[in-house]
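Student: Take this structure first; my questions come after.
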Amino acid sequence: MLKSILVADDDKAMLNLYTRIFSSTDYTISLASSFAEATNLINSNDYDLLITDLMLEDGLGTELIKMFEKKRDGAKSLLVTGSVEELPPEQRPEVYLEKPFKLEAFMAAVTKALT
């Protein structure tokens, strides 16, 4: 069964990058360019993994992660951000990557989350 991933990022260049990264994989992806759009997708679909930026124009990725984890027991998420230092250590998720990330490290984190 194909694994389904929701990617939330308000940077169009990043969304394009994610599209290119996942185009050669067996994962299906949905893209959200805002907190509101991601919220609607989380509420209306089942995803195996949420990949989100920390700072979205209309909300925080950490709040999306909480919502995602509340909806689905054992849900996995990955925070990708250029500004993790803006979060106090106790609010940082277990798994996060800093931008710019190395493709190998990113795919390793995705694979680990989905296994």
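Here, each number is a calculation from the coordinates, and none is a lab measurement. Please read all numbers here as calculations on a predicted model, not as lab measurements. All Cβ positions, glycine included, derive from the backbone under ideal geometry; neighbour counts span all protein chains shown.
Student: Right, residue 78: surrounded by 11 or more Cβ atoms within 10 Å (Cβ to Cβ) and closer than 21 Å to residue 114 by Cα or not?
Tutor: Considered against the rule, which asks whether it is surrounded by 11 or more Cβ atoms within 10 Å (Cβ to Cβ) and closer than 21 Å to residue 114 by Cα, residue 78 comes out as yes.
Student: Would you please name the residue that is surrounded by the fewest Cβ atoms within 10 Å (Cβ to Cβ), looking only at residues in segment 18-51 that are in contact with a Lys or Arg (Cβ under 7 Å, 6 or more places away or on another chain) and not in a loop (DSSP other than H, G, I, E, B)?
Tutor: Applying the filter and picking the extreme gives 49.
Student: Could you say whether any residue in segment 73-84 is among the basic types (Lys, Arg) and part of a strand (DSSP E or B)?
Tutor: Checking segment 73-84: at least one residue is among the basic types (Lys, Arg) and part of a strand (DSSP E or B).
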